[in-house]
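Coordinate-derived values only; no laboratory data. Quick caveat: nothing in here was measured; it's all calculated off a predicted structure. Every residue, glycine among them, receives a Cβ derived from its backbone with ideal geometry; neighbour counts consider all protein chains shown.
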Amino acid sequence: MTTESSAARQQILETASELFYQKGIQHVGINEVIAASGVAKRTLYRWFSSKDQLIEEVMKYRATQWLCWFEDAVSDKGNTPKERLLATFDVLQSWYSEPDFRGCPFINAVLEIADASHPAHQVSINLREAIRTYIMQLASELGMHDPASFSQQYLLLIGGASLMATIEGNPTGAQYARKALSVLIDAS
C-alpha cells in the first residue's frame, strides 16, 4: 500500500462521512462520493467493494474519531471523575450547538438503515458500548457501588439529549441531562 493510495482511501472516507452525515446515507450514491472526493471509480472500488462496505468503513472511521474527540474533550474539562462525568454533557452541548449538527450520526444510521443485520448497526452498538465502558470506568473511579447500572442510566440520558437536540434543533437538552446526571451521581 502506497502513501498515495492510503491518502486516496482517507479522502474517500472523509468525503463519504461528510456527505452521509449532511445528506443521509440513503440519499448519497457512489457516483457522488467519487465526484466529491476526486478519485477514480476504480480507486473507490479498490478500497470498498460496495456501498455497504463503504458505509461500514465510514461508520468505523467516524466512531473512532468521535470517541477520541469525546474522551479528550471530557478530560480537558474535568479533573476528577465527577467533574468529567458532568462535563460529558457540557461537551455534548457544544457539539449540539455546532451549525452543521444534524443529529447523532450513529442514531441516524441505525434509523436510516432498517436492516438490523447491516454492519452499520453493529458499529453503532459497539460505539454505544465503548461510551458505556468509559462512563462505567469514571463511575468506578468515583467509587460508585454499581457502575454498570449507572452506565446504563447514563446511556438513556445521552440518547435522550441527542434526540432532543436533533428533533428540536436546540442544545439545551444536554443541560437537562446534566442536571439529571447530577442527581444520579449524588444518589449513587
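Worth pointing out:
- Any hit, the range 48-57, residues being within 20 Å of D115 (Cβ to Cβ), under 21 Å from the mean Cα position of the chain (by Cα), outside any helix (DSSP H, G or I) and not hydrophobic (A, V, I, L, M, F, W, C): no
- For the range 135-147, the candidate set comprises residues that are among the small types (G, A, S) and surrounded by fewer than 19 Cβ atoms within 10 Å (Cβ to Cβ); within that set, the residue that is nearest to V74 (Cα to Cα) is S140.
- Scanning the range 57-70 for residues that are touching a residue at least 24 places away in the same chain (Cβ under 8 Å) and either surrounded by fewer than 18 Cβ atoms within 10 Å (Cβ to Cβ) or over 12 Å from I135 (Cβ atoms) (or both) yields E57, V58, M59, K60, Y61, R62, A63, W66, L67.
- For the range 72-85, filtering for residues that are in contact with a helix residue (DSSP H, G or I) (Cβ under 6 Å, 6 or more places away or on another chain) and assigned to a helix (DSSP H, G or I) leaves 7.
- The residue that is surrounded by the fewest Cβ atoms within 10 Å (Cβ to Cβ), counting only those in the range 112-134 that are of a type in the set (V, I, T) and touching a residue at least 60 places away in the same chain (Cβ under 8 Å), is I113.
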